[in-house]
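Let me begin by presenting the structure, written as structure tokens, before commenting on it.
The values are calculated or read from the model by the stated rules, or taken from the named source; none is laboratory data. No experiment lies behind these values; they were computed from the predicted model shown. Reconstructed Cβ throughout: ideal geometry from the backbone, glycine too, with neighbour counts over all protein chains shown. For accessibility, only protein heavy atoms count, side chains too; no ligands or nucleic acids. Shrake-Rupley method; radii C 1.70, N 1.55, O 1.52, S 1.80 Å.
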Amino acid sequence: MTMGTVYALLGAALAVILSGMGSAYGVGIAGQAASGVVSEDPSKFAKVLIMQLLPGTQGIYGLLVGFIALSKIGVLNGEPAQLSTSTGLLFLAACLPIAIVGLVSGRNQGKTSVSAIGIVAKKPDQFGKAMLFPAMVETYAILALLVSILAVQGVPV
Amino acid sequence: MADNYIYAVARIRSLEMSLFSKSTIEQLLSEKTYEDCLRFLKDHGWGNSDNDSEDASYMLLAENKKTWDTIKEMTSDMEPFRVLTIPDEYHNLKAAIKTAVKGEIEAAIFFEGTVISGEKMVDIVRRNAYEELPESMRECAKEAYEGFVHTGDGQLCDIVIDKAALEAILDAGEKAEEELIKDYAKTYVDVANIRTTVRCAKTGKSADFMRRALVAGATFEVEKLVSAALAGVEDVIRYLSESGYTDAAESLKKSSSAFECWCDNMIIETIKPQKYNSFTIGALIAYILARLNEIKTVRIVLSGRQNGLEEAAIRERVREMYV
């Protein structure tokens with residue numbers, strides 16, 4: 001296996017690990033807040049569950065980019081391509097947007113979800129508006145996802 | 001550290017829904033008799049369901065206990081909340097010294113829920129074992145006890161311990177990481193200093209007495225407060241206006257009860273920004289203070305009804321609500 005292949009695998013791994021870490025933190029703190037609300041008012045379970053799930057998407061985006069990268073490298077069919085160092089670094093660079101933005105946006109979306117859960121706790125009828133605040137953070141994760149997918153797809157193997 | 005309170009703050013957000021708002025207090029005020037007020041409170045879940053006593057003091061005690069029990073369910077570390085119980089602890093010390101000197105134990109005069117119980121404090125004072133008290137209490141306990149034994153002056157004992165309590169609050173505020181605890185401590189001491197100055201001005205106390213009662217380190221300079229108080233209430237009002245405490249000056253011009261109301265409202269104003277805090281212990285402290293303020297307001301309304309006060313007189317004493 002060449003160093004290029006190692007770099008490409010590192011990129012795929014970072015996309016999954018960092019965005020997964022962001023989502024795990026975000027879903028974790030939103031879950032704590034959701035538990036606090038449900039312990040006092042179980043009728044709000046469905047609404048706060050949706051709020052908790054919002055920061056979970058970054059992990060899925062990271063998985064998607066990682067999957068595409070692995071597929072292009074040929075790891076999934078058991079025949080990894082012998083990539084040059086420069087091609088491997090191109091894969092690594094292509095995976096970085098979703099890896100880094102996934103980590104940061106996952107954490108911040110979690111914090112925004114916690115605040116939005118506070119709105120749902122006091123004014124459940126404002127659920128739609130409350131959901132928009134964490135959803136705004138999602139925009140930047142989607143932008144990073146798009147760039148990572150286009151870049152990974154565009155790397156010549 | 002901030003993340004430690006996410007669950008608790010979210011739970012508090014739900015509990016804030018059951019706090020009395022201004023309109024709920026208006027509904028309580030519209031109840032014509034003491035019994036109607038009690039019924040209104042029971043309908044809102046106040047008191048214990050297993051205790052149908054018509055005595056409001058049990059109901060208010062039960063509400064106080066419920067508040068602290070809720071907080072204890074949410075966090076195991078009660079140390080950051082100690083700033084709120086310092087006045088109770090020092091009150092117990094005052095009561096313990098007077099009880100120890102008079103030679104009788106009146107259990108009902110002690111606050112519960114303090115680190116050292118009132119009875120234990122009486123025992124410590126009787127044995128002069130001040131080293132068993134928290135460090136911040138030792139010196140003032142000794143000074144207050146000896147002063148009370150030699151002069152029999154209860155007021156002297158009170159000002160020594162009250163000043164030590166305020167200094168302990170200020171110290172707790174300075175050591176705290178949470179911004180709200182710092183703000184609360186400073187506001188509490190400022191309000192206490194203003195209250196003491198006004199009372200001293202009205203009763204014509206000496207400069208020496210005021211220097212022993214007032215606390216330095218918050219907003220006001222002790223000497224300026226003393227000078228204003230020696231010149232009279234009008235000068236205190238002028239000094240407060242010049243120091244940015246216009247509302248305090250205005251309330252003093254109105255009446256004593258309006259001024260007392262302002263003192264409590266200042267604390268509520270300090271904690272109000274916590275309604276938008278989703279992460280830190282500040283929201284929990286604000287909830288406790290809001291509950292204590294709510295219980296105090298209900299007590300004012302109930303005692304007003306019990307003593308046949310006019311609605312306008314009760315309304316003047318009603319505190320601002322947190323929600």
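For segment B:131-147, give me each residue that is open to solvent by 20 Å² or more (accessible area, probe 1.4 Å) and either under 25 Å from the mean Cα position of the chain (by Cα) or in contact (Cβ under 8 Å) with a residue 60 or more places away in the chain (or both).
Residues satisfying the conditions are B:134, B:135, B:136, B:138, B:139, B:142, B:143, B:145.
Please determine whether any residue of segment A:33-54 is under 30 Å from residue A:157 (Cβ atoms) and more than 22 Å from the chain's Cα centre (by Cα).
Within segment A:33-54, none of the residues are under 30 Å from residue A:157 (Cβ atoms) and more than 22 Å from the chain's Cα centre (by Cα).
With (1) of a type in the set (Val, Ile, Thr); (2) more than 30 Å from residue A:33 (Cα to Cα); (3) under 20 Å from the mean Cα position of the chain (by Cα) as the list, and residue B:246 as the residue in question, which single condition is left unmet?
Here residue B:246 clears every test but (3).
Would you tally the residues in segment A:28-78 being of a type outside the set (Ser, Thr, Tyr) and under 30 Å from residue A:3 (Cα atoms)?
19
Within segment B:257-267, is there a residue that is open to solvent by less than 10 Å² (accessible area, probe 1.4 Å) and β-branched (Val, Ile, Thr)?
No: zero hits.
In segment B:5-37, what count of residues is obtained for those that are closer than 20 Å to residue B:60 by Cβ, within 14 Å of chain A (Cβ to nearest Cβ), of a type outside the set (A, V, I, L, M) and open to solvent by less than 50 Å² (accessible area, probe 1.4 Å)?
Here the count works out to 2.
If a residue has to be in contact with a Leu (Cβ under 6 Å, 6 or more places away or on another chain) and under 16 Å from residue A:113 (Cβ atoms) to count, how many in segment A:18-42 make the cut?
Residues flagged as in contact with a Leu (Cβ under 6 Å, 6 or more places away or on another chain) and under 16 Å from residue A:113 (Cβ atoms) within segment A:18-42 amount to 1.
Can you confirm whether segment A:74-86 contains a residue that is away from chain B (no Cβ under 14 Å), under 30 Å from residue A:153 (Cβ atoms), free of Cβ contacts under 8 Å to residues at least 60 places away in the same chain and within 22 Å of the chain's Cα centre (by Cα)?
Checked segment A:74-86: at least one residue is away from chain B (no Cβ under 14 Å), under 30 Å from residue A:153 (Cβ atoms), free of Cβ contacts under 8 Å to residues at least 60 places away in the same chain and within 22 Å of the chain's Cα centre (by Cα).
Which residue pairs have Cβ atoms closer than 6 Å, lie 6 or more positions apart in sequence or on different chains, and pair a first residue in segment B:269-289 that is within 11 Å of chain A (Cβ to nearest Cβ) with a second residue that is open to solvent by 30 Å² or more (accessible area, probe 1.4 Å) and assigned to a helix (DSSP H, G or I)?
So the pair list comes out as B:278/A:115; B:279/B:2.
Across segment A:123-152, what is the total count of residues that are open to solvent by 100 Å² or more (accessible area, probe 1.4 Å) and over 15 Å from residue A:61 (Cα atoms)?
6
Of the conditions (1) farther than 22 Å from residue B:4 by Cβ; (2) without any contact (Cβ under 8 Å) to a residue 40 or more places away in the chain; (3) open to solvent by 30 Å² or more (accessible area, probe 1.4 Å), residue B:114 clears all except one; give me its number.
Looking at each condition in turn, residue B:114 falls short on (3).
Which one of these does residue A:150 not meet: (1) touching a helix residue (DSSP H, G or I) at 6+ places or on another chain (Cβ under 8 Å); (2) farther than 15 Å from residue A:19 by Cβ; (3) not β-branched (Val, Ile, Thr)?
(1)
Find all pairs meeting these conditions: Cβ atoms under 7 angstrom apart; at least six residues apart or on different chains; first residue within segment A:107-129 and free of Cβ contacts under 8 Å to residues at least 40 places away in the same chain; second residue surrounded by fewer than 16 Cβ atoms within 10 Å (Cβ to Cβ) and part of a helix (DSSP H, G or I).
Partner pairs satisfying both residue conditions: A:119/A:126; A:122/B:17.
Hey, does segment B:272-294 have a residue that's open to solvent by 10 Å² or more (accessible area, probe 1.4 Å), farther than 28 Å from residue B:11 by Cα and of a type outside the set (Phe, Trp, Tyr)?
No: segment B:272-294 contains no residue that is open to solvent by 10 Å² or more (accessible area, probe 1.4 Å), farther than 28 Å from residue B:11 by Cα and of a type outside the set (Phe, Trp, Tyr).
Checking the conditions here, which among B:14, B:49, B:18 is modelled with pLDDT of 95 or more and small (Gly, Ala, Ser)?
None of the others qualify; the one that does is B:14.
Consider segment B:206-241. How many of its residues are of a type outside the set (A, V, I, L, M, F, W, C), surrounded by 14 or more Cβ atoms within 10 Å (Cβ to Cβ) and not in a helix (DSSP H, G or I)?
1
Whether any residue in segment B:26-47 is in a helix (DSSP H, G or I), within 19 Å of residue B:287 (Cα to Cα) and of a type outside the set (A, V, I, L, M, F, W, C) is what I want to check.
no
Taking helices (runs of 4 or more DSSP H) that do not extend beyond segment A:1-73, which have at least 2 residues that are open to solvent by 10 Å² or more (accessible area, probe 1.4 Å), farther than 23 Å from residue A:144 by Cα and within 14 Å of chain B (Cβ to nearest Cβ)?
A:3-40, A:45-53
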